[in-house]
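Have a look at the structure below before the remarks.
Since every read-out is calculated from the coordinates, none of them should be taken as a lab result. All values derive from a computational prediction rather than experimental measurement. Here the Cβ positions follow ideal geometry from the backbone for every residue, glycine too, while neighbour counts run over all protein chains shown.
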Amino acid sequence: MKAMDEISEFVCVDFVSKSDETAYISIKNSEDGCWAELGYQDKKQEINMAEGCFEDVSTILTPLIDIICIFEQQICHLCL
């Protein structure tokens with residue numbers, strides 16, 4: 001996914017297929033809107049991508065950035 005590649009290019013986060021991790025991002029399409037929980041929470045976190053969310057890469061970037069806590073400009077332990 002282009003949005004994930006763009007994030008990985010600028011921050012120390014790699015998006016990989018889930019294996020046995022307990023902290024991961026689950027992308028779903030079961031509700032209206034394009035949203036994510038804010039900040040890394042060390043557990044399964046959901047991003048909802050309803051119809052229309054894929055029209056622009058910035059619409060996809062926003063929830064991905066929110067979930068890995070760049071939005072708040074926090075320091076994630078993912079990068080330590």
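Given (1) 42, 15, 11; (2) 18, 15, 10; (3) 19, 15, 12 as candidate values of semi-axes √(5λ) of the Cα gyration tensor in Å, which corresponds to the one derived from the coordinates?
Checked against the structure: label (3).
Give the long-range amide H neighbours of residue 39: residues separated by 5 or more places, or on another chain, with amide H under 5 Å away, using H modelled in the peptide plane at 1.01 Å from N.
67, 68, 69
Given the DSSP H assignment, sum -39500 (n - 2.57) over each helix run of at least 4 residues in the chain and divide by its residue total; what's the result at 222 nm in deg cm²/dmol, nearest 500? Numbers along the way, then the final one.
On the way: 2 runs with 20 residues, N = 80.
For the chain, the value works out to -7500 deg cm²/dmol.
Given the peptides 20-28, 48-56, arrange them by the average over their residues of other C-beta atoms within 10 Å, most packed first. Don't jump to the answer; show the numbers that get you there.
Numbers: 20-28: 11.1, 48-56: 13.9.
Per-residue Cβ counts within 10 Å, averaged per peptide and sorted highest first, yield 48-56, 20-28.
Over the chain, what is the relative contact order in percent, taking alpha-carbon pairs closer than 8 angstrom and at least six residues apart? Provide the component values of the computation, followed by the final result.
Details: 120 pairs, mean separation 23.6, N = 80.
Rounded, it is 30 percent for the chain.
Can you give me the long-range amide H partners of residue 27? Hydrogens built in the peptide plane at 1.01 Å from N, cutoff under 5 Å, separation of 5 or more residues or another chain.
Amide H to amide H, under 5 Å and 5 or more residues apart or across chains, residue 27 pairs with 47.
Just to confirm the number: angle between the C-alpha axis of helix 57-67 and the first principal axis of the chain, 0 to 90 degrees, nearest 10?
It is inclined by approximately 40 degrees.
So how far apart, in nm, are the two label points at residue 10 and residue 22 if each is 7 Å from Cα heading toward Cβ?
It is 3.3 nm.
Taking +1 at the Cβ of each Lys and Arg and -1 at the Cβ of each Asp and Glu, which of 41, 8, 22 sits farthest along the dipole of the chain towards its positive end, judged by Cα position relative to the Cα centre?
It is 22.
What is the magnitude of the charge dipole of the chain about its Cα centre, with +1 placed on the Cβ of each Lys and Arg, -1 on the Cβ of each Asp and Glu, and no other charges, expressed in debye to the nearest 20?
200 debye
Between residue 37 and residue 50, how many nm apart are label points set 7 Å from Cα along the C-beta direction?
According to this spin-label approximation, the distance is 2.1 nm.
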